[in-house]
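Undergrad: One structure, as structure tokens, below. Some questions next.
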Amino acid sequence: MSVFQCFLIIGNKSSQLAEIQKITDKLKLNINKPSVDLLVIEPEAGLTLAKEKHISIDQIRRLKQNLYHKPIHLPLKVIIIKKAQRLTQEAQNALLKILEEPPRHAIIIMLSSDKKSLLETIISRVITIQAKQDIEKCASKQISLLTKNELELLEETASIDNPNDWLDSEMLALHQALVSNIKSGNLTDLNRQTSIIERCAYTKKLIEANVNAKFAIYDLVFSTSKI
């Protein structure tokens, strides 16, 4: 098989996994078990005192050394870069060189919550997929920000492992509910739903600006309880 492709999947964790499965199934790549031909890169703590982990240029250099060796067991080498929005500027420049002269026996799948932090030159060389959660799951999901009181919300958000995924899930469900209500002519609480969506969008911007995600979610809870 002689094909190089690089994908950028935008979405939350569950929807990203679904898109990865679609891509690998289409290319007949079984990545559901460990393989020397599967390499996963994710943010690591550096030598600095920065609070957030990043993907460094050294990680991309190690990727390059591995990438140009031909696959052993799978038809293609599969590289998955988690949280690609955490690639440093130097790492992005190094990755760009790989994309400019790629090996033809590999695919790269980049996962990101958004593409705003990625270089335009990288985005121009990838196939961007806007991942979407299953509509039925969204429709059946109880929207915590609409249905729970402040105390219940604080208890729920205190136990979540990934504030970003929780926020993405709430926003998607809110959008689905809003569209459904408008189509059905049910305009009850329309202003409240719109206001909560706006607050969620503001919270995402805070998190992207490196504000502590848990604190940002707590602020969201307090503000939406007053809407």
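The values are calculated or read from the model by the stated rules, or taken from the named source; none is laboratory data. Since the structure is predicted, the reported quantities are computational estimates derived from the model, not experimental observations. Here the Cβ is made from the backbone with ideal geometry for all residues, glycine too, and neighbour counts use every protein chain on show.
Undergrad: Suppose we filter Val40, Val36 for residues that are surrounded by fewer than 17 Cβ atoms within 10 Å (Cβ to Cβ), of a type in the set (Val, Ile, Thr), at pLDDT 90 or above and within 13 Å of Ile107 (Cα to Cα); which single one remains?
TA: When all the criteria are applied, what remains is Val40.
Undergrad: Which of the numbered conditions does Phe215 fail, given that it passes all the others? Conditions: (1) surrounded by fewer than 15 Cβ atoms within 10 Å (Cβ to Cβ); (2) in contact with a Phe, Trp or Tyr (Cβ under 9 Å, 6 or more places away or on another chain).
TA: Against the list (1) surrounded by fewer than 15 Cβ atoms within 10 Å (Cβ to Cβ); (2) in contact with a Phe, Trp or Tyr (Cβ under 9 Å, 6 or more places away or on another chain), Phe215 comes up short only on (2).
Rundown of residues vs (1) surrounded by fewer than 14 Cβ atoms within 10 Å (Cβ to Cβ); (2) assigned by TED's automatic domain parsing to the domain that holds Leu174; (3) in contact with a Leu (Cβ under 6 Å, 6 or more places away or on another chain), yes/no style:
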| site | (1), (2), (3) |
| --- | --- |
| Pro71 | no, no, no |
| Val78 | no, no, yes |
| Leu95 | no, no, no |
| Ile98 | no, no, no |
| Arg104 | yes, no, no |
| Met110 | no, no, yes |
| Leu118 | no, no, no |
| Ile122 | no, no, yes |
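Undergrad: For segment 134-141, state whether one or more residues are assigned to a loop (DSSP other than H, G, I, E, B), surrounded by 14 or more Cβ atoms within 10 Å (Cβ to Cβ) and at pLDDT below 85.
TA: yes
Undergrad: Still on this structure: Taking the criterion of being under 30 Å from Lys97 (Cβ atoms) and either modelled with pLDDT of 75 or more or in contact with a Phe, Trp or Tyr (Cβ under 9 Å, 6 or more places away or on another chain) (or both), would at least one residue in segment 175-193 satisfy it?
TA: No - not one qualifying residue is present in segment 175-193.
Undergrad: Is one or more of the residues making up segment 90-101 without any contact (Cβ under 8 Å) to a residue 24 or more places away in the chain and not charged (D, E, K, R)?
TA: No.
Undergrad: Would you check which residues across segment 177-227 are within 21 Å of the chain's Cα centre (by Cα) and not in a helix (DSSP H, G or I) and list them?
TA: Passing the criteria: Ala209, Asn210, Val211, Asn212.
Undergrad: Another one. Going through segment 29-46 one residue at a time, which ones are over 16 Å from Glu19 (Cα atoms) and in a loop (DSSP other than H, G, I, E, B)?
TA: Lys33, Pro34, Ser35, Val36, Asp37, Glu42, Pro43, Ala45, Gly46
Undergrad: Considering Ser159, Ser169, which residue is loosely packed, with under 14 Cβ neighbours inside 10 Å and at pLDDT below 85?
TA: When all the criteria are applied, what remains is Ser159.
Undergrad: A follow-up question, please. All but one of (1) surrounded by fewer than 19 Cβ atoms within 10 Å (Cβ to Cβ); (2) within 30 Å of Asn210 (Cα to Cα) hold for Asp25, so report the exception by its number.
TA: Unmet condition: (2).
Undergrad: Filter segment 218-227 for residues that are loosely packed, with under 13 Cβ neighbours inside 10 Å and either within 15 Å of Asn164 (Cβ to Cβ) or without any contact (Cβ under 8 Å) to a residue 60 or more places away in the chain (or both) and give the result.
TA: Lys226
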